[in-house]
Amino acid sequence: MRDAVKWLDENGERWLLLFLYSFIVLVIAIEVIRRFVLLYSSVWGEETARYAFIYLVWVGAAVAVRDRAHIRIDVITHLLPPRGAALIYLLADLLTVVLACLAIYWSLDPVLVSWKFDNVTDGLRIVRVWFLIAVPFGFTVMLIRLGQSIWRDIGDLREGRPHFTGRKLFD
């Protein structure tokens, strides 16, 4: 069980991103063929690709938080001693926690309104909540990853290890 959780922690988001990206490419390719060869396009194709892209963005943002892969200006951290740079990373993570909490709070209102009024999507006629929940879901996963990052940074500071500066999504 512990190995499965570890594997999911290390690879779950990556495989979800691969699935979502492949789904988007496949659906868009099918829709292009349908539109230009068969002279017919569906309502579901563009809409499902759009909603898959929304989830792709938020899951990808959580992965970028985990791997410290977001765009950043690190001129200051290169000038500081290792302990000072680690403190800057820790401060940035804490500020991102505040941002994520605010984003979750503000993104829940549209979800609750859509749930209350049974709002459905235009083409698929599926309850829109499943797609609006992508924002609070993404920021919740970000909070989990930020917690892991903060825990790692505190451990690095205590043990005197060099701070984690990031890694690539695919090597």
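The values are calculated or read from the model by the stated rules, or taken from the named source; none is laboratory data. Fair warning: this is a prediction, and the values are worked out from it, not measured in the lab. Please note: Cβ atoms are built from the backbone with ideal geometry, for glycine as well, and neighbour counts cover all protein chains shown. These area figures cover heavy atoms from the full protein model, side chains too; ligands, DNA and RNA do not enter into them. Shrake-Rupley method; radii C 1.70, N 1.55, O 1.52, S 1.80 Å.
Values computed for the structure shown
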read-out	value
Selection from the range 27-75 of residues that are in contact with a helix residue (DSSP H, G or I) (Cβ under 6 Å, 6 or more places away or on another chain) and without any contact (Cβ under 8 Å) to a residue 12 or more places away in the chain	TYR40, SER41, HIS70
Residue satisfying all of: in the range 10-34; open to solvent by less than 60 Å² (accessible area, probe 1.4 Å) and among the hydrophobic types (A, V, I, L, M, F, W, C); farthest from the chain's Cα centre (by Cα) among these	ALA29
Cross-chain or 6+ apart pairs with Cβ under 6 Å, the range 85-112 first and acidic (Asp, Glu), then open to solvent by less than 90 Å² (accessible area, probe 1.4 Å) and assigned to a helix (DSSP H, G or I)	ASP93/LEU146; ASP93/SER149; ASP93/ILE150
Residue tally, condition under 22 Å from the mean Cα position of the chain (by Cα) and free of Cβ contacts under 8 Å to residues at least 24 places away in the same chain, over the range 148-160	2
Residue count for the range 91-121, restricted to those that are part of a loop (DSSP other than H, G, I, E, B) and either of a type in the set (D, E, K, R) or exposed (fewer than 12 other Cβ atoms within 10 Å of the Cβ) (or both)	2
Unmet criterion (only one of (1) assigned to a loop (DSSP other than H, G, I, E, B); (2) under 24 Å from ARG14 (Cβ atoms); (3) open to solvent by 50 Å² or more (accessible area, probe 1.4 Å); (4) not aromatic (Phe, Trp, Tyr)) for THR140	(1)
Number of the condition not met by ILE88 [criteria: (1) closer than 29 Å to GLY45 by Cβ; (2) open to solvent by 40 Å² or more (accessible area, probe 1.4 Å)]	(1)
Identity of the residue in the range 44-75, within 26 Å of SER107 (Cβ to Cβ), modelled with pLDDT under 85 and of a type in the set (A, V, I, L, M), that ends up least open to solvent (accessible area, probe 1.4 Å)	ALA69
Yes/no for PHE117 being at pLDDT 85 or above, over 26 Å from GLY155 (Cβ atoms) and more than 22 Å from the chain's Cα centre (by Cα)	yes
